[in-house]
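For reference, the structure is listed below as structure tokens.
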Amino acid sequence: MFKKAFILIGLIFVLTTAFRAQNGLSAKDIEAIKNIEETYRTAWLKNDEKTILSLFTDDATLYPNGNDPVKGKEEMHKFWFAPSDTVTTINTFELKIADIHGSKDYATATGTNELGWTMENKSKNEIKRFIGKGYFISVYVKSGRDWKIFKQFWSGKTEEVK
């Protein structure tokens, strides 16, 4: 698992470096990608699963910290929104984009995030609070005039807040 993650990080680094050397994105494309990241952030705060999933291509892949890759919207829905006894609520979500680079059809956005959430287990009448801080890399593809997230990787550290 770590070998695959390492290879993916290396590939994304190479792509990002190549894009940085020759950024072919227009100001309109860069603004569109910033808007997607902001929509993603605010949709999580509203627990708006429809909007969250609409930002991804149908064949998108997530590379969540410490987990196996999650491929396709159906699996993403199960990963994030599967019904269970535990209700997760995102309370805070700060996202800072460090850079956006790309070409006419591909782009990457990298940055940092800080997420605060609660997990309420209704059957055990228990609530736990967490905070996570880390890094993200999103790879976008352009389809027609619209950008969509094709790959998303995040890493970081999560701590329970007592």
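Equivalent-ellipsoid semi-axes for region 27-162 (Cα gyration tensor, √(5λ), whole Å, largest first): 27, 16, 13.
Counting only protein heavy atoms, what percent of the accessible surface of the chain is carbon or sulfur at a 1.4 Å probe? Carbon plus sulfur share of accessible area: 54 percent. Normalised per residue, the accessible area of the chain is 63 Å², obtained with a 1.4 Å probe and no contribution from ligands, DNA or RNA.
Sequentially through region 138-149, phi angles give Karplus couplings (6.51, -1.76, 1.60; θ = phi - 60°) of 10, 10, 10, 10, 9, 10, x, 9, 9, 8, 9, 7 Hz, Gly and Pro residues having no value and appearing as x.
Helical content alone sets the calculated 222 nm signal of the chain at -10500 deg cm²/dmol, taking -39,500 (n - 2.57) per DSSP H segment of four or more residues and averaging over every residue.
Roughly what % of Cα-Cα distances in region 42-92 sit above 11 Å, to the whole percent? Numbers along the way, then the final one.
Details: 912 of 1275 pairs.
Percent of Cα pairs beyond 11 Å in region 42-92: 72.
Toward the positive end of the charge dipole of the chain, with +1 on the Cβ of Lys and Arg and -1 on the Cβ of Asp and Glu, the farthest Cα among Gly156, Asn91, Phe79 is that of Gly156.
Using a cutoff of 8 angstrom between alpha carbon atoms and counting only pairs six or more residues apart, the relative contact order for the chain works out to 22 percent.
The values are calculated or read from the model by the stated rules, or taken from the named source; none is laboratory data. Note that the structure is predicted; figures quoted are calculated from it, not measured. Cβ atoms come from the backbone with ideal geometry, glycine included; neighbour counts cover every protein chain shown. Surface areas here come from the heavy atoms of the whole protein model, side chains and all, with no ligands, DNA or RNA. Shrake-Rupley method; radii C 1.70, N 1.55, O 1.52, S 1.80 Å.
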